1. Would the range A:157-178 turn up any residue that is more than 30 Å from A:Phe346 (Cα to Cα) and not in a helix (DSSP H, G or I)?
2. Just wondering, is there one or more residues in the range A:205-224 that are crowded, with 21+ Cβ neighbours inside 10 Å and either charged (D, E, K, R) or touching a residue at least 12 places away in the same chain (Cβ under 8 Å) (or both)?
3. Take the residues in the range A:129-160 that are touching a residue at least 60 places away in the same chain (Cβ under 8 Å) and surrounded by fewer than 21 Cβ atoms within 10 Å (Cβ to Cβ), then tell me which one is farthest from A:Ile75 (Cα to Cα).
4. So is B:Tyr479 surrounded by fewer than 18 Cβ atoms within 10 Å (Cβ to Cβ) and at pLDDT 90 or above or not?
5. Restricting the search to the range B:199-225, which residues are more than 14 Å from every other protein chain (Cβ to nearest Cβ) and either under 13 Å from B:Ala46 (Cα atoms) or free of Cβ contacts under 8 Å to residues at least 24 places away in the same chain (or both)?
6. Identify, please: which residue in the range A:225-245 is within 7 Å of chain B (Cβ to nearest Cβ) and assigned to a loop (DSSP other than H, G, I, E, B) and is, among those, least open to solvent (accessible area, probe 1.4 Å)?
7. Hey, does the range B:97-112 have a residue that's within 28 Å of B:Tyr48 (Cα to Cα) and either among the acidic types (Asp, Glu) or touching a residue at least 60 places away in the same chain (Cβ under 8 Å) (or both)?
8. Cβ-Cβ distance below 7 Å, separation of 6 or more or different chains: which pairs start in the range A:323-336 with a residue that is under 17 Å from A:Ala157 (Cα atoms) and end on one that is polar (S, T, N, Q) and part of a loop (DSSP other than H, G, I, E, B)?
Amino acid sequence: MLSWLNLNERVFKHFNYLLMIQLLPIFFLSSWLIYEINPELFKKQMIYYVVAFIAFLISVVTPWRLILWWLMPVIYGFNILLLIAVDLFGKTILGAQRWLEIPGIGMTIQPSEFTKVSIIMALAYMIRKNPPPRDGYGIKMFIVFTALILIPFVLIAKEPDLGTALVLLIVGFGILFVVGIKKQIWIWLSIFIVLSAPIIYTYGLKTYQKQRIHDAISHPSYHVKQALIAIGSGGIVGKSKEDSTQTQMKFLPISSSDFIFAYLGERLGFLGMATVIFLYILLILHLFYIGIQPFTDYLTKVFAIGLSWLFFVYMGVNVYMIIGLAPVVGIPLPMFSHGGTSFIIFAILFGILQNLIAFQSYLGYNSDAKISMVK
Amino acid sequence: MTITRNKIVLWLFAIIWIILFARLYYLSIKSNYYYEELAKANTEKAYYIKPARGEIIDSRGKLLAMNQIGFSVSIAPHLDTQGKEFKNVVKQLIKTFPELDKEMILKVYKKENSYYNHNFIKVVNFIQYDKMISAYPRLSLNENILVETENKRFYPYSNYASHVIGYIGKTNEKENKKDKIAEIIGKTGKSGIESYYNTFLQGEPGSIVSKVTATNEEIEILRRIPPKENQNIVLNLDVELQKMIYERFGSDAGAVVVMKPTGEILAAVSTPSYDPNLFVSGISKKDWNILQTNLDHPFTNKFLYGTYPPGSTIKMGMALAMNEAKPGILDISEYCPGAIRVGKSGQVFRDWKSDGHGIVNLRKAIKESVDVYFYKKSLVTGVDKIAPALKKTGLGGPTEVDMYGESVGIIPDSQWKKKRYNQPWYPGETVNTSIGQGYMLVTPLQLARYTSLIATSNLPTPIFASKLGNKTIKPQQKYVQYNPKYLSEIRAGMYDVCNAPGGTAVSIFGKNVPIAVAGKTGTSQVVGISRSEKVRMKEEEMEYYHRSHAWITTYAPYGNPEVIVTVLVEHGGHGGSSAGPIAADIYRWLYANRYFKNSAAAAIVPPISNTGNKDTTVKKTNLRVN
């Protein structure tokens, strides 16, 4: 019945079950903590899980390899249009213009969230279309890729949402680095960044952004202070729900979303935090491992490496800001913090990756199959 | 190439993760205790229970400072000040207590009302007990109104003892920094006993420690510590005596110290005074200006801080000091021609009696207050030997009384003048100093203490408090060695002042008082007396603020001193005429109120030995005319 979706045994055979199993303990811990903080939020989170699961299934069966040649420019272009729309008619919340109101239903969306998908997709398609030479891409291709990354970056940074913008920048160039760019380009780029950093800091940043950077280094904000207290008071094994006063008595702000890691620390202590970080490390390394397999085609490679970088940067930035080592930016702990959009986007990315892995060696499925023999 | 790139990425991951783990380890394991304490501090909030301030009681059990019981009114938090509920509350309050200020209530409420405040907001600090009693049933029905009992410091004897008791007021920033408890209570002693014994009187606050959320909502009470309170102080003061003296002064300015030879202060008056109740809840600008501009300085504690030249009251101490400077000098009588000339310029120093006193011995020198006797002797000893000896009588130093803000006065010598004015000392100044004029300054309290020394050979530490809670304070005295021969002659001279014909205060004391009083009058010049005048101007003819201050310092009974009375009347002219009658009234009152142990014996005068005068050589010194 589903034959038009090509859901045959090959799909189930190549499906990466381990990757999915690895996510389960993360989901379990996350929903348990959210339930403890607020059962109402837990209910909402369960709805997100259901929606995300459906989105994941759709992504798995979507014939990405067949439609990418026209979908990629559409998605990327549409995303850029949305970001421009945010700039023009966006809704301002707490001084940042990041949201678009969908007329009629009163729902708001944050287009910068979708940019994760569009950038990875754009890079994947472009890299696959123009595989890198042996010693990496030259300056011409590098400029093309950079443009693909920098256009959404500038639009998002302007909102201002420097946190998300920088995450995309790191992920984008992270993928390029692994795929391969000529060494000289990186050297010149490094020199350029080092020289221009002071100028960007002086003229490019807004006062509150500088303040945040400054605070992260010298005196933490109220949020971070409370987060440090929560983590610090957790000890090795954490405290019971009743004794987790930082969260239960609401000293810890936004404890279910961006700061959930602090509640994890308070509730389950060092061991709990170490376990979760370890789970992330395994996931990141697994994705990275998939990405660097020889004979992996560039679509799979870029999506695996991209997801690996995404998890690395999201987890790193989120935990660093909670433990007072980075400025506070609105970056959630990936697939752990309470919240719908981010979770569903990750689910879609996993779905795409699974699809690509499953149909990697299914030649008939690849419309313009060009198996790369480049190691 | 690829391998290296992947390695670089993996190394980057590793570094970031190692830092992360190190930081987590440091936070949750190494700093666990520190953050645990912070988490606990977050959830606990202490509310203080203010202690009831100790009361101040006089020696006969009368309350001098008490806590009036009344009520405060608070309004529920988080009401909309524009809303009907809040308006109804204010309307009801104004209707019940028409004297309340609507704007003030609104102002206080708006200031205190915030998201984090879950307590009722106190809008009226104090309402009298009897006023509230009838209104309470109706007010208590309104759930937005909270009526609580409240204390207010009250001084029933208002003006009579304000310089002794002092008053309390809102703490300022400096006091908050110095005393954490005072900061919690919000009020502290500002002067007098209230200030000196503030730590004892205020007690220690208790506390209620409760568990709260981030928005300050109370969840449960963890522990309760009761305050340390009601620490009362009993004074040696007799407020009825204090009141009698204050009223006796009428509109005159001055100071009185009535003290036992042990140092226990029975009365200490400084007039004019002020009502300390004005300060308790903040004095109004109008009242402040009236008090502040009064030329008689009602705020100045004249018995403690006021310094005046002692005039002739210094003569007893001066004689003792001269003998110490040159032993045996008191055995020499002096001839008083009515004036002497001093120094190369031949400056004339007159006696108060222009035709002189003839031949004068020590007893007569005190009795008739013979200036020339001291002029001549001072020129022999010099000021630099007199000053240190005089300081032994307690003058020029702190009395160490239990009250802040005392002046130490000045006992001048050449060194002092060099330091202060960078000028040499002139012999004429020695002469002036010898009769307590010029630079010399003393406070009434110092003079009372000094009188006690003359009367008993003991120098007491004046003390107001007799009991702190259950603890009795033992008065302290210091024995000072003097030749008893001269002491008894001086005492006899003081007796003569009040009792013998020719004494400077005999008309006031003598048979007019029921006990044998010994004393010494003094006149301290406010404006220097012109040398060109042949006869001193009569005090009564001077402008009021140019008139001299009048002193009398006395003790009684003569044979067995039980009370010291020192009186200063500012611009009172001669000591005998204005200060004397006040002292006499004090003795009559003390006698009537059974202050003398053996009233019958008190009037009997023991025989006075006159041996010291028998072999006195008379040394005639003529006026030196250059």
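1. Residues of the range A:157-178 that are more than 30 Å from A:Phe346 (Cα to Cα), as a first pass: none.
Scanning the range A:157-178 turns up no residue that is more than 30 Å from A:Phe346 (Cα to Cα) and not in a helix (DSSP H, G or I).
2. Taking every residue of the range A:205-224 in turn, at least one turns out to be crowded, with 21+ Cβ neighbours inside 10 Å and either charged (D, E, K, R) or touching a residue at least 12 places away in the same chain (Cβ under 8 Å) (or both).
3. Checking each candidate, the answer is A:Arg134.
4. Spelling it out, B:Tyr479 is indeed surrounded by fewer than 18 Cβ atoms within 10 Å (Cβ to Cβ) and at pLDDT 90 or above.
5. Across the range B:199-225, the qualifying residues are B:Thr199, B:Pro205, B:Gly206, B:Ser207, B:Ile208, B:Val209, B:Ile221, B:Arg223, B:Arg224, B:Ile225.
6. Checked the range A:225-245; the qualifying residue least open to solvent (accessible area, probe 1.4 Å) is A:Gly235.
7. yes
8. Matching pairs, first to second residue: A:Val328/A:Ser221.
The values are calculated or read from the model by the stated rules, or taken from the named source; none is laboratory data. Nothing here was measured: the structure is a model prediction, and the numbers come from that model. Here Cβ is always computed from backbone atoms with ideal geometry, including for glycine, and neighbour counts include all displayed protein chains. Accessible surface is based on the protein model in full, side chains and every heavy atom, while ligands, DNA and RNA are left aside. Shrake-Rupley method; radii C 1.70, N 1.55, O 1.52, S 1.80 Å.
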